[in-house]
Amino acid sequence: MSEPHPPTADAASIALLARDLEAATFSVDALSELWGPAADGALFRGHRAPALRAIASKPRPLATLATVFVLGLPVRETELAEALPALGVGGAITLGLVARAESGFVTPSVDLRPYSFVDERGSGAWWIASDLGELAREHELDESHVLGVGGASTTLTGLMVQRPVASALDLGTGCGIQAMHLSRHAEHVVATDISARALAFARFNAMLNGIRSIEFRQGSLFEPVEGERFDQIVSNPPFVITPRRQGVPEYEYRDGGLVGDDIVRHMLVHGAEHLADGGVAQFLGNWEYHGGASAFDRVEEWVANAAIDLWVVEREALDPAEYAETWIRDGGTRPGPVFDDLERRWLEDFELRGVSQVGLGYITMRRPRPAHSQEPHPGQRLRRFERLQHQLGETVGGLGAHLLQSLVAHDALSRLDDDSVAALQLRVAASVTEERHYWPGDDDPTAMLLRQGSGFGRAIPLDTALAATIGACDGSLSVAAICSAIGQLLDVDSDAVLASVLPRLREAIFTGFLELPDAATVHS
């Protein structure tokens, strides 16, 4: 079954819709209050019965809008007319939001729901339209399906560096959510997608939320922006590693049509070509492990000769069966003979190419400004590959601020020799705590570590010298002075103390455990 037509970009009708949604307080908080936290949790798990029971006796029109657009169920025309007094049922049909059914009912043609967020500019709220999800249909997703705001979308939004820029690109915009977030800090945004259907939804969503700084272009990957460079690029690309075999569905929103992880390689190689000096690109990706070799070695080879900074974070690694089951289920296929046949095809494809597991994570890439790219030591270019599969810290507005802080710290540290680092007056970040573990009855700790409450939620082990040095970093004393005092207190050579802690202090600065004085970052 094919998807219904996407919503129509009629400005006058969309303005009436926005007026009605605002009047009905169609918001995340209002819906949560309407059906309560238990129903919220059930909806997250894909079950709507608790929400339906909760709103059965609740007043309209909010309950009507929730029923038809969030729960994906029919409502009476008279009820929808009451909920959308400005737009009217006829206007909703013309826009492509609902369709008439029998006995005076209308059925939803799109999923339309409120969305709220907090970024560095503060809190915000939008309405986002997309194709009907699995909850509102009884069949697998169509290959042209346009996804709403899901887990991958919110992950990328949280990663987004939110500094003011002149130009930004959202490659593979889908329903337009990343382009809309970019519009909060970019003067002009270009949003591209191979799918005309996706662009129709993205254009509708931008208009519905009064966003006018986004330009929409159709085309595959970087083709629509050939020869252009941007200050910022974000992408939730079609990175899923899908077998290129007959009978295996290829969804436009997730399958890029290339073999294996070639889509990620393409994004890295060509993304670098489209970054302006100082520009940052961020995107999600999957990468293959072949046999016992590390996937990171392959990724690094792709950009070995590129003049870019690269930071790859792997958040999870799945074996082929786990990976196949995740994405087959994502397409709406339930366990049974069809599911089993698809999984067999996926596993045969992985075996044919020697894939032992698949890594999932995200990539931050930057084109250094000329002053940085001409540093005398090639090792000063950032090339960082790490597996961080623990729980993240709590960072208001997402990880973007932390990532930017780390890039700024890298630039500052690349200009400082060890003597200059020793002269710094560092300060412990506010979210950092120290843990000490003791065997029962012992006076001395058996293990000490610092734990980061924000950012990536890292933990670093401590020895006596590093614990004492970081513990004294309150911004009033230089690292050299602290190490001198520690040497005298422990009756050890202070130069040896300094030499042992300096490399680890550099790492602690980059990862956000320690903060540089403002003067050290002014040219970054």
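The values are calculated or read from the model by the stated rules, or taken from the named source; none is laboratory data. Being a predicted model, the structure only gives us computed values, none of them experimental. Counting neighbours? That spans all protein chains shown, and the Cβs are built from the backbone with ideal geometry, glycine included. Heads up: the accessible areas ignore ligands, DNA and RNA and are worked out on the full protein's heavy atoms, side chains in. Shrake-Rupley method; radii C 1.70, N 1.55, O 1.52, S 1.80 Å.
Based on this model, can you work out whether A38 counts as among the hydrophobic types (A, V, I, L, M, F, W, C), under 30 Å from T154 (Cβ atoms) and surrounded by fewer than 17 Cβ atoms within 10 Å (Cβ to Cβ)?
Yes; evaluated as a whole, the condition is true for this residue.
What number of residues within segment 309-345 are under 15 Å from F239 (Cα atoms) and either at pLDDT below 90 or among the hydroxyl-bearing types (S, T, Y) (or both)?
7
One residue is enough: does segment 266-284 have a residue meeting the conditions modelled with pLDDT of 90 or more and under 28 Å from V338 (Cβ atoms)?
Within segment 266-284 (the criterion being modelled with pLDDT of 90 or more and under 28 Å from V338 (Cβ atoms)), the answer is yes, since at least one residue qualifies.
So, in segment 1-35, exactly how many residues are open to solvent by 70 Å² or more (accessible area, probe 1.4 Å) and among the charged types (D, E, K, R)?
Here the count works out to 4.
Within segment 19-76, which helices (runs of 4 or more DSSP H) (wholly inside it) include 1 or more residues that are of a type in the set (K, R) and over 20 Å from G133 (Cα atoms)?
Correct list: 49-55.
Filter segment 273-300 down to the residues that are charged (D, E, K, R) and touching a helix residue (DSSP H, G or I) at 6+ places or on another chain (Cβ under 9 Å), then identify the one that is surrounded by the most Cβ atoms within 10 Å (Cβ to Cβ).
E288
Please give the number of the condition A295 fails out of (1) hydrophobic (A, V, I, L, M, F, W, C); (2) within 28 Å of M160 (Cβ to Cβ); (3) at pLDDT below 90.
If we test A295 against (1) hydrophobic (A, V, I, L, M, F, W, C); (2) within 28 Å of M160 (Cβ to Cβ); (3) at pLDDT below 90, just (3) comes out false.
Residues that are charged (D, E, K, R): which strands (runs of 3 or more DSSP E) entirely in segment 100-185 hold 3 or more of them?
111-119
Let's see how each residue does on (1) within 19 Å of I241 (Cα to Cα); (2) in contact (Cβ under 8 Å) with a residue 40 or more places away in the chain:
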position	(1), (2)
R265	yes, no
L268	yes, yes
L275	no, yes
L284	yes, yes
H290	yes, yes
T326	yes, no
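When the residues of segment 299-316 are filtered to those that are touching a residue at least 24 places away in the same chain (Cβ under 8 Å) and assigned to a helix (DSSP H, G or I), which remaining residue is nearest to G148 (Cα to Cα)?
Taking the candidates together, the pick is V299.
Quick one: which residue in I211, I194 is open to solvent by 20 Å² or more (accessible area, probe 1.4 Å) and closer than 19 Å to D131 by Cβ?
I194
Picking from T469, T446, which residue would you name as being among the β-branched types (V, I, T), over 31 Å from the mean Cα position of the chain (by Cα) and buried (at least 20 other Cβ atoms within 10 Å of the Cβ)?
Of T469, T446, the one residue that is among the β-branched types (V, I, T), over 31 Å from the mean Cα position of the chain (by Cα) and buried (at least 20 other Cβ atoms within 10 Å of the Cβ) is T469.
Within segment 435-448, identify whether any single residue is under 27 Å from D418 (Cα atoms) and not hydrophobic (A, V, I, L, M, F, W, C), and answer yes or no.
Within segment 435-448, not a single residue is under 27 Å from D418 (Cα atoms) and not hydrophobic (A, V, I, L, M, F, W, C).
Report, by residue number, each residue of segment 1-50 that is closer than 16 Å to L87 by Cα, in contact with a Leu (Cβ under 6 Å, 6 or more places away or on another chain) and not aromatic (F, W, Y).
Answer for segment 1-50, where residues must be closer than 16 Å to L87 by Cα, in contact with a Leu (Cβ under 6 Å, 6 or more places away or on another chain) and not aromatic (F, W, Y): P7, T8, S13, I14, L16, L17, A18, D20, A24.
So V259 clears everything in (1) among the aliphatic types (A, V, I, L, M); (2) part of a loop (DSSP other than H, G, I, E, B); (3) surrounded by 14 or more Cβ atoms within 10 Å (Cβ to Cβ) except one condition, right? Which one?
(3)
Checking E82 against (1) under 13 Å from D20 (Cα atoms); (2) in contact with a Leu (Cβ under 9 Å, 6 or more places away or on another chain); (3) charged (D, E, K, R), only one condition comes out false. Which one?
(2)
Would you confirm, using the coordinates I've provided, whether R451 is open to solvent by 80 Å² or more (accessible area, probe 1.4 Å), basic (K, R) and in contact with a Lys or Arg (Cβ under 9 Å, 6 or more places away or on another chain)?
yes
Suppose we filter segment 317-333 for residues that are open to solvent by less than 50 Å² (accessible area, probe 1.4 Å), more than 21 Å from L132 (Cα to Cα) and in a helix (DSSP H, G or I); how many remain?
Qualifying residue count, segment 317-333: 4.
In segment 334-363, how many residues are out of contact with any strand residue (DSSP E or B) (no Cβ under 6 Å at 6 or more places or on another chain), open to solvent by 10 Å² or more (accessible area, probe 1.4 Å) and touching a residue at least 60 places away in the same chain (Cβ under 8 Å)?
Number satisfying all stated conditions: 6.
Could you please give the count of residues in segment 405-425 that are in contact (Cβ under 8 Å) with a residue 60 or more places away in the chain, of a type outside the set (V, I, T) and part of a helix (DSSP H, G or I)?
Of the residues in that region, 10 qualify.
With A39, A54 as the choices, which residue is under 24 Å from D330 (Cβ atoms) and either touching a helix residue (DSSP H, G or I) at 6+ places or on another chain (Cβ under 9 Å) or touching a residue at least 24 places away in the same chain (Cβ under 8 Å) (or both)?
Just a single option satisfies the conditions, and that option is A39.
Of the residues F239, F216, F230, which is farther than 25 Å from L112 by Cβ, of a type in the set (F, W, Y) and open to solvent by 10 Å² or more (accessible area, probe 1.4 Å)?
F239
Select, from A54, A99, A86, the only residue that is more than 27 Å from H181 (Cα to Cα) and crowded, with 17+ Cβ neighbours inside 10 Å.
Step by step, each of A54, A99, A86 is checked, and only A54 is more than 27 Å from H181 (Cα to Cα) and crowded, with 17+ Cβ neighbours inside 10 Å.
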